[in-house]
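Take a look at the structure below.
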């Protein structure tokens with residue numbers, strides 16, 4: 001991607017590089033990096049350069065940074081425009097290692113001027129930058145289509161399981177949203193947040209393999225029936241494991257019945273051996289189960305729900321996760337009041353848009 005020019009000086013003058021830049025980067029108008037080319041020397045150089053923020057500059061500029069051994073790093077910043085007076089459509093940044101003899105030329109600004117002119121003619125000439133932008137946009141469009149299909153598959157599977165369990169499906173939307181809101185407060189982001197949302201929505205995926213006579217039994221399960229019911233965790237893990245994008249849901253699916261003190265199932269994990277996403281979900285799941293109306297029970301008052309949760313602090317629940325949830329709970333509870341399935345789906349849709357970078 002970086003433009004290639006013949007070297008102006010021979011090897012005996014100390015410059016063995018055939019390219020104009022060791023590091024070349026193109027950014028979009030919003031400051032997101034679109035493309036990058038780095039030479040082997042550039043990889044080593046990159047670790048020694050000071051970091052800078054999102055490109056927002058309006059004029060071309062440069063900085064010269066001293067390096068050990070008498071060399072200098074020249075970093076060039078160029079805003080890109082389709083026409084000289086047009087709006088900024090992107091940014092180019094290039095870094096080159098400069099030996100001492102060449103640094104003297106830089107001080108006279110002659111070398112900088114030649115770099116700017118060369119760079120402007122190459123990058124802004126309507127060849128490199130438009131091609132890069134087109135390819136990036138095409139790749140982003142295809143990636144969004146794939147991601148949308150994954151999310152649709154997750155939602156369809158979760159709703160199918162909920163319907164079989166005589167649920168409207170709103171429970172999955174609520175617990176996934178509650179868990180994600182708590183996770184945001186705990187600093188989760190990126191892939192960890194995406195896995196939490198997917199796992200929360202599909203936490204009971206294994207119930208699809210539980211016989212109706214047990215799954216839909218109105219009364220209390222006996223010991224043998226309970227043992228069968230508990231197999232839904234392993235069945236759920238089998239469903240999501242190796243399923244590509246859904247593989248990240250495994251931590252919640254496999255760990256949502258574990259307890260902080262080790263008394264949970266199926267593995268009897270203790271404390272931080274339980275994945276953080278599963279510890280977060282456990283609080284959200286019990287809160288929703290207690291505070292929601294079900295065919296067989298009325299919702300408990302908010303204060304009663306929180307009292308029951310705090311009875312499990314340090315035994316069922318991770319104390320730090322529960323404390324974080326407790327601070328959020330009044331607001332979360334108020335937001336959920338009166339929402340039907342469409343309303344809870346809208347809440348989770350907003351969360352997906354925020355953390356999956358996709359319009360649903």
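When residue 67 is tested against (1) within 14 Å of residue 31 (Cβ to Cβ); (2) at pLDDT below 80, exactly one condition is not met: (1). Of all residues in the stretch 19-34, those satisfying the criterion of being surrounded by fewer than 18 Cβ atoms within 10 Å (Cβ to Cβ) and touching a residue at least 60 places away in the same chain (Cβ under 8 Å) are 29, 31. Residue 286 meets all of the listed conditions (1) at negative phi; (2) in contact (Cβ under 8 Å) with a residue 40 or more places away in the chain but one, namely (2). Among the candidates 322, 348, the residue that is in contact with a strand residue (DSSP E or B) (Cβ under 8 Å, 6 or more places away or on another chain), closer than 24 Å to residue 193 by Cβ and part of a helix (DSSP H, G or I) is uniquely 322. With respect to being farther than 14 Å from residue 352 by Cβ, part of a helix (DSSP H, G or I) and touching a helix residue (DSSP H, G or I) at 6+ places or on another chain (Cβ under 8 Å), residue 199 falls outside the description. Inspection of the stretch 320-333 identifies no residue that is closer than 23 Å to residue 252 by Cα, in the same structural domain as residue 216 (by TED's automatic domain parsing) and at pLDDT below 85. A count restricted to the stretch 37-64 and to residues that are at pLDDT below 80 and surrounded by 13 or more Cβ atoms within 10 Å (Cβ to Cβ) stands at 5. Among the residues of the stretch 212-230, the ones that are exposed (fewer than 15 other Cβ atoms within 10 Å of the Cβ) and within 18 Å of residue 278 (Cβ to Cβ) come to 0 in all. When we screen 309, 332 for residues that are within 24 Å of residue 192 (Cβ to Cβ), in contact (Cβ under 8 Å) with a residue 24 or more places away in the chain, surrounded by fewer than 22 Cβ atoms within 10 Å (Cβ to Cβ) and over 27 Å from the mean Cα position of the chain (by Cα), the only hit is 309.
The values are calculated or read from the model by the stated rules, or taken from the named source; none is laboratory data. Predicted model, so just to flag it, every value in this text is computed and none were measured. Because the Cβ atoms are built from the backbone with ideal geometry, glycine has one as well, and the counts that use them run over all protein chains shown.
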